[in-house]
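Heads up: the structure comes next, in structure tokens.
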Amino acid sequence: MPPVLYVKVLYVISDGSTLIGCSELTGRYWNGAADVFKSVNEAGQRQKSEKRAINLQSGTSDGCFVNSSKKILLCEDSGAVSIWCTSDEDQHNAWHQWTEEVSAAEHDNAALAVDCLSPDAEYVTVGADGHGKVWDIERMICIRNYSAAHSKPIYGVSVRPNSNTDFATCSMDQYVSLWDQNVDKPVLDLYQNNCGVRCLQWIDVNKIIFGDEAGILSIVDVRSLETTLNITEFPAAIHKIAIHPECNKVAVCCDNKTVTVCDISEDTKVKTTYQKSQAHNNFVRGVAWDVKDDKILHSLGWDGEIKSHTVMC
């Protein structure tokens, strides 16, 4: 009996290379896998193949490229953070071998999210154990451990634009917090929500957009915390958001089959510019903007499909 795939990770870098990560249920056992493709189109065509470039002993919830398409970092449900690499020769080889360069299992529960502080050098991970960790990936050691950064699982982390020290986290303990990696306590609890917060991203150097369990999308300005705004509502918990790098658009996927794009004006008013209610045959788990065509949004779901959507800027 083939494994049941639950695809969770979609990550695209500037040359179009695409990282796909998933958890696999085989009988009663959970494993995981990851694949790297030259483009989103290739990923869509080959993703359902039973052959995986990287096989894991547990599922994966997030990952990213490390400065190029030849090295990736994966967050594993076992609590491990692992680095995988391939060579130029392997990339042109029919077997295309990926090898685990190094791994460290310091989270006490699943590692859930990662973001880059300094390319090819320092990365921050957060986990279901409520801890945050800053990693020197050249030596693969944790150089800053935020023990009990939150009292419940941390689902999201986002590094502040133009900074290699500041980042924000969001947790099921209802807090959105700002951190400086030079300080072992939160610089500021930006906002206490009335339910768990599932995802967040910086819009610019001052504003953060976040989505919660109640399906509410909100914006907080670090310069004026009392003006936190609930800007729009969705019918299910918000799972992931993706900010368009060139225009004021945010793509949203929830615990349903719908893909939505909202336009955010300078006065933080929101208008829905695109919505597809049956984009997938199961929950949508990831969204990413195309790096070559700014009108294209990609989504993937638990159905194992990668879909492309045309969204006018």
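Tell me the mean residue ellipticity at 222 nm calculated for the chain from its helices only (DSSP H runs of n ≥ 4, each -39500 (n - 2.57), averaged over every residue, nearest 500).
One gets -500 deg cm²/dmol as the mean residue ellipticity at 222 nm.
At what distance in angstrom do the alpha carbon centres of region 268-282 and region 1-47 lie from each other?
23 Å
For a paramagnetic label modelled at 7 Å from the Cα of VAL205 toward its Cβ, which residues of region 152-186 fall within the zone defined by backbone nitrogen distances under 20 Å?
158-169, 178-183, by backbone N distance to the label point.
Fewest Cβ neighbours within 10 Å first, please rank ASP255, ASP129 accordingly. Could the numbers behind the result be given before it?
Details: ASP255 17, ASP129 22.
Result, fewest neighbours first: ASP255, ASP129.
Between LYS152 and THR227, what length comes free when the chain is fully extended (0.36 nm per residue of separation minus the Cα-Cα distance, one decimal in nm)?
Full extension of this stretch gives 24.4 nm more.
With a point put 7 Å past each Cα toward its Cβ, work out how far ILE143 is from VAL183 in nm, to one decimal.
Simple spin-label model gives 2.0 nm for this pair.
Just rank SER265, SER58, SER78, SER103, fewest to most, by other beta-carbon atoms within 10 angstrom.
Working: SER265 9, SER58 17, SER78 20, SER103 14.
So the ranking, lowest neighbour count to highest, is SER265, SER103, SER58, SER78.
Mind sorting SER69, SER39 by how few other Cβ atoms lie within 10 Å of their own Cβ, fewest first?
Working: SER69 19, SER39 16.
Result, fewest neighbours first: SER39, SER69.
Calculate the spin-label point distance for TYR29 paired with THR165, positioning each point 7 Å from the Cα along the beta-carbon direction, and give it in nanometres.
That separation, rounded to one decimal, is 4.7 nm.
Computed from the mean reciprocal separation of all distinct C-alpha pairs, what Kirkwood hydrodynamic radius does region 140-273 have, in Å?
Values: mean 1/r = 0.0661 Å⁻¹.
Radius from the Kirkwood sum: 15.1 Å.
Counting Lys and Arg as +1 and Asp and Glu as -1, what is the net charge of the other residues whose Cβ lies under 14 Å from the Cβ of ASN248? Provide the component values of the computation, followed by the final result.
On the way: positive: LYS207, LYS249, LYS269, LYS271; negative: ASP204, GLU246, ASP263, GLU266, ASP267, ASP294.
Residues near ASN248 contribute -2 overall.
Any read-out appearing in this document is the output of simple, stated calculations on the displayed coordinates, not a laboratory observation. Small disclaimer: the values here were computed from a predicted structure and weren't measured. Note that each Cβ is placed from the backbone with ideal geometry, even for glycine, and that neighbours are counted across all protein chains shown.
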